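Notes follow once the structure below has been shown.
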Amino acid sequence: MGGERAGKERGSGRFSLTIATRFLTLGAVTILSCLLISLGMQQFRQAKQIANIASRRMSEFALYLSQDELAAYDGIFLNGSDVVNFYRRFLYKRADFSMVVVKGKVEYLIPAGGQTDLLTQPAQKTYCRPNAQYRCEVLCNVNEVILQVRFIEQ
């Protein structure tokens, strides 16, 4: 009997989960889960901020490249057909600068937005003859932002 009693005491000495310890364990797991979710949300917000910054910088770089490409036209001579192609490439939809065709002493503002008829129809005053020569001038403000591109008939 003495041996049986010692065995029962050993068995009862094991850690048994009571209701209180179960609730404590559940509370600890809940707190850890909330912390992990909070850390995940914080990481998501930081990733979103980084993506927005990268997107803004890429847009600024694309604008810089397009401004640089337009600045390359300054001082070169183009045929009338090249002036029409310039319009189709840079002003067909919309632009942040204006285009002017100068014939003699008269300046004609060419609006953006699919107005190629102004440059291609012989009946228009702004008609650019395909083999006529035009000198391109790019006008910028003090911040080197292009304001106007002028094509002067030679």
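The values are calculated or read from the model by the stated rules, or taken from the named source; none is laboratory data. What you are looking at is a predicted structure, and each value in this text was computed from that prediction instead of being measured. FYI the Cβ positions are ideal-geometry reconstructions off the backbone, even for glycines, and counts take in every protein chain you see. Side chains are part of the model used for accessible areas, which takes the heavy atoms of the whole protein and leaves out ligands, DNA and RNA. Shrake-Rupley method; radii C 1.70, N 1.55, O 1.52, S 1.80 Å.
Annotation note: GluC sites (Glu not before Pro) in the range 88-154 located in DSSP loop regions with a Cβ neighbour count of at most 16 within 10 Å are Glu144. The apolar share of the surface of the chain, taken as the fraction of accessible area on carbon and sulfur atoms (1.4 Å probe, ligands and nucleic acids excluded), comes to 58 percent. Can you list which of the chymotrypsin sites (Phe, Trp or Tyr not before Pro) found in the range 80-154 are DSSP loop residues with at most 14 other C-beta atoms within 10 Å? Sparse-neighbourhood loop chymotrypsin sites (Phe, Trp or Tyr not before Pro): Tyr92. For Thr21, the accessible surface of its heavy atoms amounts to roughly 40 Å² (probe 1.4 Å, protein chains only, rounded to the nearest 10).
Taking trypsin sites (Lys or Arg not before Pro) in DSSP loop states with no more than 11 other Cβ atoms inside 10 Å as exposed sites, the chain has its longest site-free stretch at 15-92. For the range 65-105, the square roots of the Cα gyration tensor eigenvalues, ordered a ≥ b ≥ c, give a/c of at least 1.5 with a/b greater than b/c, which places it in the prolate category. With protein chains left intact and a 1.4 Å probe, residues in the chain average 74 Å² of accessible area per residue.
Measuring nothing but how far apart in sequence close Cα pairs (under 8 Å, 6+ apart) lie, relative to its length, the range 38-154 scores a relative contact order of 28 percent.
Can you check how the C-alpha radius of gyration of the range 20-154 compares to 2.2 N^0.38 Å, as a plain ratio?
1.96
Can you list which of the DSSP-assigned H helices in the chain have a Cα extent of 20 Å or more along the long axis and an average Kyte-Doolittle score of at least 0.0?
On the way: long enough: 19-71 (78 Å, 0.50).
Helices meeting the span and hydropathy rule in the chain are 19-71.
Projecting the Cα positions of Ala123, Leu139, Gly104 onto the charge dipole of the range 75-154 (unit charges on Cβ atoms of Lys, Arg, Asp and Glu, taken about the Cα centre) puts Ala123 furthest along the positive direction.
Note on the chain: with charges restricted to the Cβ of Lys and Arg (+1) and Asp and Glu (-1), its dipole about the Cα centre is near 920 debye.
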